[in-house]
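No lab work stands behind these numbers, since they all come straight from the coordinates. On a predicted model such as this, the values are computed, not experimentally measured, just so you know. FYI the Cβ positions are ideal-geometry reconstructions off the backbone, even for glycines, and counts take in every protein chain you see.
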Amino acid sequence: MGNTAVVAHAAEDLRVEDIPEPTPQHDEAIVQIAYGGICGSDLHYWQHGAAGASVLREPMVLGHEVCGTVLVAAADGSGPAAGVDVAVHPLTPHGDGVTPWPRDRPNLAPASTYLGSALHLPHTQGAFARRVSLPARMLRTLPAGLDLRTAALAEPAAVAWHGLAQAGDVRGASVAVIGGGPIGQLVAAAAQHHGARSVVLTDLQELPLALAARRGVHAVDARDADAIAGLHADVVVESSGTVPGLASAVSAAGRGGTVVMLGLQRAGEVPAPLATAITRELRLVGSFRFGDELDEVIAALAAGSLDVTGIVTHAFRVEDAGEAFRVAADPGASSKVLLDFTERPAG
């Protein structure tokens, strides 16, 4: 079977095509991808030909939320052996030789590359393909019993886990999550895992509210300004990446609380009710990608202590990637949408 991949060529030009078989470097393994989650950045490349400042200038294989099985181990002996199931940490941290950054926080390295990113040229090709070469250091062995479909949530769950950690210890705290997309759902799940006293999630759509409610999260319509203002939450995680969402996050925070800005806002100036943040002595903190949290997330998924029930709403064969992307772009119809790269027996 050919090495089927999902390739973005330009805005509204997404193709399912065969690409060459991978040719690994000495420190790279060949991984047979099983599942890949469609991320917001993948949708932006498909819809707009760009994700923020990362503009498509050449064809690029999409995808960074992936898991699979090592087909050929790295020649230098590093990393997992052939036959081992793995999740993937898609970051390669790099400095730019000028900008200082804290070395214990690799997610803040200023010239990093990320699988499936057009920030640099040549682009960093992603992993939405049946077989890919990946540095062995990116691979995380999955514990026995953790199925690959669930493991496909490890990368976005690590983003959520890191975002919540930016607020500190949430045990016994009241946590509000603004925006119930896949990341918001995973933030709420992480808050429950970490022992929050109460978890509330807001959204405009019925589906994400229903998904959260099934896991014991209190769901609030994002248009109910009075209900949001009455939350007085100790910790608020803004995961919608919208201007109204940021205003709601400040409104939902109790005096002395923390607002984590996890959803990526638009470039340039963004209005926010800073007078309220000042008079309530709120702590506003950003969150970007993640570091070593992926290992903690994998362990929690394997133990079943991180409840991700219902967050994956659809799985499409890779050949149906066009339809998968259309469904993923509709937050009223889907949460996390997976691409299935597994090969079916002939006949």
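Assorted remarks:
- Gyration tensor verdict on the stretch 159-286 (Cα atoms; rounded if a/c is under 1.5, prolate if a/b is larger than b/c, oblate otherwise): rounded
- Acute angle (nearest 10 degrees) that the helix 243-252 long axis makes with the longest principal axis of the chain, alpha-carbon atoms: 50 degrees
- Shape call, the stretch 26-142: gyration tensor on alpha carbons, a/c limit 1.5: oblate
- Over all other residues within a Cβ to Cβ distance under 12 Å of Gly49, the charged ones net out to -2, with Lys and Arg as +1 and Asp and Glu as -1.
- Springs between Cα atoms under 10 Å define the GNM used for the chain, and in it the highest mean-square fluctuation of Pro143, Pro135, Pro20 occurs at Pro20.
- Label-to-label distance, nm, for residues given as Thr113 and Arg15 (7 Å Cα→Cβ offset): 2.2 nm
- Proximal charge balance of Ala227 [Cβ under 14 Å; K/R count +1, D/E count -1]: -3
- Whole-Hz ³J(HN,Hα) from phi, Karplus 6.51 cos²θ - 1.76 cosθ + 1.60, for the stretch 48-57, glycine and proline x: 10, x, 6, 10, x, 7, 8, 10, 5, 10
- DSSP beta bridges in the chain [antiparallel fraction, %, rounded to 5]: 55 percent
- With Cα atoms, 0 to 90° folded angle of helix 182-193 axis to the chain main axis: 70 degrees
- For Val259, nonlocal amide neighbours, meaning residues 5 or more places apart or on other chains whose placed amide H falls under 5 Å from its own, are Val236, Arg283, Leu284, Val285.
- Computed extension length for Arg255-Arg344: 26.5 nm, one decimal, from 0.36 nm per residue of separation with the Cα-Cα distance subtracted.
- A straight chain from Arg105 to Leu264 at 0.36 nm per residue would run longer than the Cα-Cα distance by 55.4 nm.
- Using the Cβ-Cβ distance between Glu319 and Ala82 with R0 set to 25 Å, the FRET efficiency from 1/(1 + (r/R0)^6) comes to roughly 0.40.
- Extension gain, Asp295 to His232: 0.36 nm times the residue separation minus the Cα-Cα distance gives 19.4 nm.
- Using only alpha carbons, the chain has a radius of gyration to Kirkwood radius ratio (Rg to Rh) of 0.97.
- Summed over qualifying helices (DSSP H, 4 residues or more, each -39500 (n - 2.57)) and divided by its residue number, the chain shows a 222 nm mean residue ellipticity of -7000 deg cm²/dmol.
- Most to least packed among 230-242, 49-61 [average Cβ atoms within 10 Å]: 230-242, 49-61
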